[in-house]
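These notes are about the structure you will find just below.
FYI, it's all coordinate maths here, none of it is from the lab. Quantities reported herein were computed from a predicted structural model and do not represent experimental measurements. Every residue, glycine among them, receives a Cβ derived from its backbone with ideal geometry; neighbour counts consider all protein chains shown.
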Amino acid sequence: MAQAIYDANGQYRGYQQTSPSGVTNAYNAQGQNTGSSQVDNGQTNYYSPAGAYRGTNTATPTPPVPNTTINAPRQTPQAPIMKGW
């Protein structure tokens, strides 16, 4: 299914076309692909014309994982030890 896109002044700006698999491709007025999007479990993922991931509109933040190396208290610097003297 294709849908034409017009701006606020009624000028034609391109169209969007959705494939049976749910991928929506956007095209400008010259017919060039300007990117695509796909809805997956209620989250819309956006891609560049070359297929590179551009981001999402409803990203679910993952809970932070505590990093013990970073969050460990600092150790007191120790004087160098010379053995054998």
Check: What ranking, highest mean first, results for peptides 34-40, 19-25, 8-14 when packing means the other Cβ atoms within 10 Å averaged over each residue?
Finding: 34-40, 19-25, 8-14
Check: Using the Karplus equation 6.51 cos²θ - 1.76 cosθ + 1.60 (θ = phi - 60°), what ³J(HN,Hα) coupling, rounded to whole Hz, does each residue of region 15-21 give in order, writing x for Gly and Pro?
Finding: 8, 10, 9, 9, 7, x, 7
Notebook entry, point to check: What is the pair-distance distribution P(r) of region 2-58, computed from all Cα-Cα distances in 5 Å bins starting at 0, with each bin given as a whole percent?
Noted result: 5, 19, 25, 23, 17, 9, 2
